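Please treat every number below as a calculation from the coordinates, not as lab data. All values reported here derive from a predicted model rather than from experimental measurement. Methodologically, a virtual Cβ is constructed for each residue, glycine included, from the backbone with ideal geometry; neighbour enumeration extends over all protein chains shown.
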Amino acid sequence: MIVAWFAVGSDNKPHIVNSHPAHAVTDSIGVVAAADRSNRALPVIVGLAMPPARTLQPPPIACRGKCDDKAQTRTLPTPLHTRQHSYGGFPRASVPSQSGVQRETALMSNEHQRWMDQAVDEARAALLHDDVPVGAVVIHNGDIIAARHNERELTGDPVAHAEVLALRDAAARLGTWRLDECTLYVTLEPCAMCAGAMVNARLGSVVFGATDPKAGAVVSHFGLLQGTPLNHAVPTTPGVSAEECGELLRTFFRSRR
């Protein structure tokens, strides 16, 4: 607020008698009040002139996409799942390419199939001496270092299961009983004896084909490769070529009945 002092002069007109600059009053928004007839200086309250209203502008936006410098607006790329392409005049949502995880899974599946085929070939070799057709191979750094099949009937050895024989050969090949960098492929779910041998060998992983509802000790019973109560867990992949491995065994037992 501005307080301006006025007095009425001999010309009957109000005059400013204080030290305020004239423009402080004349530029103000308000009412110029007159003095009374007694020539006394009267205080007049004059409203301050307000500055023109300003439009507040938002702070500049740090654009991660393309920006319009004048409007300071952000233009971000359209998300992949919302993009559309036209096929024959009809819009269709684009399909993202196969992810790295999917490709890796597909490659691993092909790798499992490749080595299980070798184990199945070993299992068929057991039929030549009337042994149960179970085959096993041990893989180390992408190579087969051991390939065996059941030989109990052939040798009369009660522990001559394909897995035990393959583990022995692999240890002899590498010169160590620790097989933590190896993967064993076997056509049938390992029994308790073979699962125990894998734990003792500190096997890196095992992949098997058909499950064994009667004697399987990995997923059917006991869970011996899970790390409890034993002191080593063996990562397990079941069900690779399960139908082919199972049919080989069913055919064998049907022929003996």
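With both partners inside the range 118-257, how many of the DSSP beta bridges are antiparallel, as a percent to the nearest 5?
65
What full-extension length gain, to one decimal in nm, is calculated for L107 and T228 as 0.36 nm per residue of separation minus the Cα-Cα distance?
40.5 nm
Which ³J(HN,Hα) values, rounded to whole Hz and listed in residue order, are derived for the range 244-257 from phi using the Karplus coefficients 6.51, -1.76 and 1.60 in 6.51 cos²θ - 1.76 cosθ + 1.60 with θ = phi - 60°, glycine and proline given as x?
Rounded to whole hertz, the list is 5, 5, x, 5, 4, 6, 4, 4, 5, 6, 5, 6, 9, 8.
Relative contact order for the range 134-257 using alpha-carbon pairs under 8 Å, separation at least 6, rounded to a whole percent?
Computed over the range 134-257, the figure is 20 percent.
Under a 5 Å amide H to amide H cut-off, with H placed in plane at 1.01 Å, what residues pair with C182 once short-range neighbours are removed?
G204, S205
Could you pull out the GluC sites (Glu not before Pro) across the range 157-257 that fall in loop regions by DSSP (anything but H, G, I, E, B) with no more than 15 other Cβ atoms inside 10 Å?
E181
Can you compute the modelled spin-label distance between H129 and R254, with each label point 7 Å from Cα toward Cβ, in nm?
In this crude spin-label approximation the distance works out to 2.7 nm.
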